1. Could you pull the Rg and Dmax for segment B:1-121, using just the Cα atoms, both in Å?
2. If you take all C-alpha pairs in segment A:330-457, what percent of them are over 25 Å apart?
3. How many nm is it between the label spots at B:Asp255 and A:Ala213, if each spot is 7 Å from the Cα in line with the beta carbon?
4. Give me the angle, in degrees from 0 to 90, between the Cα long axis of helix A:256-276 and the longest principal axis of the Cα atoms of chain A, rounded to the nearest 10.
5. Compute the acute angle (0 to 90°) between the alpha-carbon long axis of helix B:360-372 and the principal axis of greatest extent of the alpha-carbon atoms of chain B; round to the nearest 10°.
6. Given a cut-off of 21 Å, what percent of all Cα-Cα pairs of segment B:52-133 lie beyond it?
7. What does the convex hull of the Cα atoms come to per residue for chain A, in Å³?
8. As a test of the definition: which semi-axes, in Å, follow for segment A:204-313 when you take the square root of five times each eigenvalue of its alpha carbon gyration tensor? Largest first, please.
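Derivation of every value follows stated rules applied to the coordinates shown; laboratory data play no part. Everything numeric here is computed off the predicted structure, so don't read it as measured data. Heads up, the Cβs are rebuilt from the backbone with ideal geometry, glycines too, and the neighbour counts pull from every protein chain shown.
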There are 2 protein chains.
Amino acid sequence: MTDVQKVRTDVDNETFWRQVGLDIERHDELMSVLPPVFQSVFLSQQNRPEKIAYYDSFIQDLHGKRPKEVFERKNNGDKVIGAFCAFFPEEFVHAAGAVPLILCGGAEFPIADAEKILPRNTCPLIKSSFGFKISNLCPYFQSADLLVGETTCGGKKKMYELLGEYVPTYVLHLPHKKNDDISRNLWVEEVKKFKGIVEDLTGRKITDEKLRAAIDLANRKRLALARVYNTRKADPVPISGKDVLLVMQLALFDDAERFVKKTNELAEELEARVKRGEGVAPKGAPRVLISGTPMTIPNWKVHDTIEKSGAVVVTEESCTGTRYFTDLVDTKDASSSDDLILRMAEKYLHINCACFTPNEERIEDVVRLAREYNADGVVYYVLQFCHEFNTEYAKIERALRTEGIPVIKIETDYSDSDRGQLKTRIETFVEMLKASKARGAASLAEEGGIKASVSGS
Amino acid sequence: MTDVQKVRTDVDNETFWRQVGLDIERHDELMSVLPPVFQSVFLSQQNRPEKIAYYDSFIQDLHGKRPKEVFERKNNGDKVIGAFCAFFPEEFVHAAGAVPLILCGGAEFPIADAEKILPRNTCPLIKSSFGFKISNLCPYFQSADLLVGETTCGGKKKMYELLGEYVPTYVLHLPHKKNDDISRNLWVEEVKKFKGIVEDLTGRKITDEKLRAAIDLANRKRLALARVYNTRKADPVPISGKDVLLVMQLALFDDAERFVKKTNELAEELEARVKRGEGVAPKGAPRVLISGTPMTIPNWKVHDTIEKSGAVVVTEESCTGTRYFTDLVDTKDASSSDDLILRMAEKYLHINCACFTPNEERIEDVVRLAREYNADGVVYYVLQFCHEFNTEYAKIERALRTEGIPVIKIETDYSDSDRGQLKTRIETFVEMLKASKARGAASLAEEGGIKASVSGS
């Protein structure tokens, strides 16, 4: 483990990458893949909101500008804490003046390296994350003074033990259940313990005042995202699903204050579009809710395939979606430090991840979101070998069918090997949604006709 | 869910199976597979201990005699509690005069049924267990008044939610960590809660006296198994690995008192064999430790392949092996009911399952067992898609290599599709062990020769 200190950040990217210990040759190879994909997935879209330009420029220099900022913070004595999950209580990190990052790997590239140590039959997110670290392919990983894992699944839990051999790693103990006092208490204690860990690492006391400010900051980030999502309920929808996915993905990397500002600006533009009835897809285009496992950069293939099939993604029940921002930490009646921690613990325990048993709330969420966003159908997205989300599909599928909402399950990895099959399945699904909408419209028209003739008789 | 009551047990098997609601046609098909496999795997062996006959006869009427006994207990008002894991605190069940069974599925047969609901990419044990229940193919499952799951892995945890739709199911909350007070406390509280659940189900109070007697019974079962295992340290080994596996597997089904008696009789015979230097494999045959996931009836293929390759399995670091019986519940200084529960909780938390993080104790166990049983090599056995045991292999492999102990990993399911590949890999491994032993013997002889010539100079 090399402790990179006082990295010069007023240099070109390659010099910077060398300083932080990246494997330059392979990193060049990795980065060369991104521009054509980004062009095809994002830049080829028509009539995007203007404010999306900020996120475009962020991703176009993903391993440059922002990592340099992060290293500049390190130069100034701030610590960097990386994590892999929405359960990461980032408020403490902000409160300690440290930098929180969520580092889940979304790329196929480092997976072959990871498979020298991890089993092949493991979730691509786990393999990609591990591969990025052990192969020195990511400046964000290089910046982390501490990685924070969590016990959401067996694959991650055991991977973190191995990751801990490369960089200091703490694994948050998230219980399997959340509906009884003893489980909740375990989590509250764990959140409290994590506060101490952040304080010890940074050498900075997290005062109530600082924590309140950090909670407010994280809440404002959540509210800005919720504001963007809210505009997607309109028809036509003012922004594509993949553009929102990009925003969500960058929420995990960007400076929080700046991200809040930029995202509120985007929301404002989108609200104006909704007022004007301006959309990125024609009014009446089939509306899809995506539900399931998270999608991290550059994992855009399902959104891309859906939207190139003529449908539009209107919301994501996902950790790169509603699960990340829906609940706020409510500090209203919190009068003590313990109260604040309790409220934080409660907020995180409300994330309805498939790691919990039972998890009926998530099933209700999916149905409710499908209604709220007027989804015509649901694409259930599972990262390969994710037992929790994969098995929970049985209940979700039944609930959606009961409500008359069509659903398909896509289980995939980060490779392009199933691109053709995926395209066929999704196109067929979208055609089915279109046909169903046309029938619905016809029967409504007919019903209207009958009503008209009845009232006219 | 049908509540089967007052089943007649003085009838032939088919009548019995009809009464308990089995799908007779498919059950016949399932049962027709067993005899030829049992013949090939077990009965074809030479020079088996005489006392193994008891276990042979048990398995040859696996769905007859013992399930009838269990239903006879039900006729007398006793409850039946099924479980799927070594963490199941069976002492409470004995203490309440109920029947504990461990019902993990080991057969391929019901998996296709399970895959209509569960994901294909899930561990075969999970799919088989679920399939046995939903397809009415197992009289033991039919007898259960309550099923007890546990949170050892994501696949099982989520499967139990679905299983609960067919039969009342309680999921024991086993924490992810065990080395801190809050985790241990959660488990102690869970064990206490489970005692109440057993009392409520059976309508019988678990007094301290009854619990002590039950703890003693379970301890005697563990000691009898340990006694059998202890004889396997001898060379030649007095019993084949697959015969011991059979004994282990039946420990989960048989009446405990009878099992203790029969297993001590077997141990006595084995101890006499060791004294006489009598074995089932030639002295000097390569000795294999199997480490990993459990093997339940009729999952015998890895043992069978190893032993047909000319090696002998001398121990199993497994839940159908040492993890099941190594620790006893120590009641010596337990003066209160809470003390007894605490000791039970502690015993179960000592099971070094890969579900825990960290789990360094298991790595130490594997190395220690390999030494204690003089293993020449280790076969690391992983049920397909078991992330916990699969990922933990990285650490185990490294520890064994450091100790100079050869190891291979076998990841497989219940099908026969990889039988050929498995055979080739295992045969190659065994040949390598033989060659290594021969080299070791030659170099020892040479060393002896040098010493002799030195001392003779």
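1. Over segment B:1-121's Cα set, Rg and Dmax evaluate to 16.6, 47 Å.
2. Details: 4035 of 8128 pairs.
The answer is 50 percent, as a whole percent.
3. Placing both labels 7 Å along Cα→Cβ, they lie 7.4 nm apart.
4. Once rounded, the angle reads 10 degrees.
5. Roughly 50 degrees, rounded to the nearest 10.
6. On the way: 1500 of 3321 pairs.
Everything past 21 Å amounts to 45 percent.
7. Details: hull volume 69.8 nm³, N = 457.
Cα convex hull per residue, to the nearest whole number: 153 Å³.
8. 30, 17, 10
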